[in-house]
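Enquirer: First the structure, which I've put down as structure tokens, then a few questions once you've had a look.
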Amino acid sequence: MKKGIFATLLFVLVVAGCKSKIALEYSNYIVELEKSLLVDLQKTRTAFPGFIGAGQYDSASTAAKGMEKTIAEKITLIENKPAPDVKGGEDFKKESLHYFEYLKSVYTAAGNLASQTTAEDREIALKTLQDIEKEETKVLERMKDAQKRYASANGFKIE
């Protein structure tokens, strides 16, 4: 009888440990997708205002559309990878997609700004871009909170 209880307990611990590892691997996958964007994000965020300021709208548009495409590719990777069957897996995937969609929206708006042909239309597009960028802190916090909840629910720590 005691051997049966021990075997059952051991089985439960092993399964829980496997689910924790699967959850951690998915979290790391999302983090790696984000990290893979960092250099290009920084480069584009630095170059874009210079292009606009110098009236190089084609260059600004190309930079924005390039980032938009790169981020869209990451979104497709997330959409095509099933969320793990662990606590909060679907919610974490949903929040990850929201975060990447937000990033993409910044560059969609930037591309829109660069494609405007009149000063008045540029002002309107700039206001739209600024409004989107004001949401950055909220979006980042929402993503961090989702990742913390996901990690806590699945027994791992975020590095």
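The values are calculated or read from the model by the stated rules, or taken from the named source; none is laboratory data. Note that the coordinates shown come from a computational prediction; the quantities given were computed from them, not determined experimentally. Cβ coordinates were reconstructed from backbone atoms using ideal geometry, including for glycine residues, and neighbour counts include every protein chain displayed.
Enquirer: If you scan the range 49-65, which residues turn out to be part of a helix (DSSP H, G or I) and either without any contact (Cβ under 8 Å) to a residue 60 or more places away in the chain or basic (Lys, Arg) (or both)?
Expert: 49, 50, 53, 57, 58, 59, 60, 61, 62, 63, 64, 65
Enquirer: Still on this model: Keeping to the range 122-154, report how many residues are without any contact (Cβ under 8 Å) to a residue 60 or more places away in the chain, surrounded by 16 or more Cβ atoms within 10 Å (Cβ to Cβ) and hydrophobic (A, V, I, L, M, F, W, C).
Expert: Looking only at that region, the number is 7.
Enquirer: Now for a different question. Considering each of 73, 95 in turn, give the residue that is in a helix (DSSP H, G or I), surrounded by 16 or more Cβ atoms within 10 Å (Cβ to Cβ) and at pLDDT 95 or above.
Expert: So the residue among 73, 95 that is in a helix (DSSP H, G or I), surrounded by 16 or more Cβ atoms within 10 Å (Cβ to Cβ) and at pLDDT 95 or above is 95.
Table: residues versus (1) closer than 24 Å to residue 91 by Cα; (2) modelled with pLDDT under 95; (3) hydroxyl-bearing (Ser, Thr, Tyr).
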{"residue": "2", "(1), (2), (3)": "no, yes, no"}
{"residue": "16", "(1), (2), (3)": "yes, yes, no"}
{"residue": "21", "(1), (2), (3)": "yes, yes, no"}
{"residue": "29", "(1), (2), (3)": "yes, no, yes"}
{"residue": "35", "(1), (2), (3)": "yes, no, no"}
{"residue": "65", "(1), (2), (3)": "no, no, no"}
{"residue": "79", "(1), (2), (3)": "yes, no, no"}
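Enquirer: Hey, residue 117 hits all of (1) among the hydroxyl-bearing types (Ser, Thr, Tyr); (2) over 14 Å from the mean Cα position of the chain (by Cα); (3) in a helix (DSSP H, G or I) but one; which does it fall short on?
Expert: The single condition residue 117 does not satisfy is (3).
Enquirer: Sticking with this structure for a sec: Can you tell which of 68, 101 is part of a helix (DSSP H, G or I) and more than 30 Å from residue 152 (Cα to Cα)? Lay out the reasoning, then the answer.
Expert: Values: 101 fails: more than 30 Å from residue 152 (Cα to Cα).
After applying the criteria, what remains is 68.
Enquirer: Go through 8, 108, 44 for me and flag whichever is out of contact with any Phe, Trp or Tyr (no Cβ under 6 Å at 6 or more places or on another chain), among the hydroxyl-bearing types (Ser, Thr, Tyr), modelled with pLDDT under 95 and more than 23 Å from residue 159 (Cα to Cα).
Expert: Testing whether each residue is out of contact with any Phe, Trp or Tyr (no Cβ under 6 Å at 6 or more places or on another chain), among the hydroxyl-bearing types (Ser, Thr, Tyr), modelled with pLDDT under 95 and more than 23 Å from residue 159 (Cα to Cα) leaves just 8.
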